[in-house]
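Quick notes on the structure that follows.
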Amino acid sequence: MIEDLKKDAQARMGKCVATFQADLKKLRTGRAHPSLVEHLKVDYYGSDVPLQQVANIAVEDGRTLVISPWEKSVVQAIEKAIFKSDLGLTPMTAGTVIRVPMPPLTEERRRDITKVLRHDAEGARVAVRNVRRDVMGDIKDALKEKLISQDDEKRAEVEIQKLTDKHIADIEAALAAKEKEVMQV
């Protein structure tokens, strides 16, 4: 029973960390990366689909993304989606190929991105703590129903706390790496 709770906590906390890391990829730094735009929704024959489903996204050089739509009719929709996004990017079209240069970040914009990073990291830490709270509640319920002993309860609580600390440390490490990348000129 306790092993099942630990495995569940491990999986749920891992998902919290993975979600945070996926959110980090969407934040624009000075470098080009396909994950910056692949989640953008494009109007494709009346339905909104992710950009990665209607075009190939590649990095031309360190500061330029190249988007190659699979159909010429989608070019305008892709440009429109990039303009509407809050990324502050300006696409340039040459026939069927769209180039998206990454403008260098200003110091003020870097600080704003850092604030967003810290806010997202706090949200991820709260999510991990919520998982811990849920699992601790399940352990207490098992103790009340006499399914586990008090010793097992204490041992399980210590192990769940270690899991929580490990996942929060993972979030902190990802945050530190991304902050370093954002602040790098």
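What follows draws every value from the coordinates through simple rules; no lab data is involved. Predicted model, so just to flag it, every value in this text is computed and none were measured. Note that each Cβ is placed from the backbone with ideal geometry, even for glycine, and that neighbours are counted across all protein chains shown.
For Glu60, the residues 5 or more places off, or on other chains, whose built amide H falls under 5 Å of its own are Leu65, Val66. Structural size metrics of the stretch 79-185, computed from C-alpha coordinates, are Rg and Dmax of 22.5, 71 Å.
If only the Cβ of Lys and Arg carry +1 and only the Cβ of Asp and Glu carry -1, the dipole of the chain around its Cα centre is close to 380 debye.
Sorted on the mean count of surrounding Cβ atoms within 10 Å across their residues, most packed first, peptides 35-42, 1-8 read 35-42, 1-8.
Hey, can you grab everything whose amide H is under 5 Å from the amide H of Val42? Only 5+ residues off in sequence or another chain; H modelled, so Pro and N-termini drop out. Counting only residues 5 or more places away or on other chains, the set is Val49, Leu51.
Over the stretch 34-101, all Cα pairs binned in 5 Å intervals from 0 give whole-percent P(r) values of 3, 19, 35, 28, 13, 2, 0, listed from short to long. Expressed as a fraction of 2.2 N^0.38 Å, the C-alpha radius of gyration for the chain is 1.37. For the stretch 141-185, the set of GluC sites (Glu not before Pro) satisfying both a DSSP loop assignment and a count of at most 11 other C-beta atoms within 10 Å is given as Glu145. Extension gain for the segment Asn130 to Ala58, taken as residue separation times 0.36 nm less the Cα-Cα distance, is 22.1 nm to one decimal. Length gained on full extension, Lys115 to Leu143, computed as 0.36 nm times the residue gap minus the Cα-Cα distance: 5.9 nm. For the chain, adding -39500 (n - 2.57) for each run of n ≥ 4 DSSP H residues and dividing by the number of residues yields -20500 deg cm²/dmol at 222 nm.
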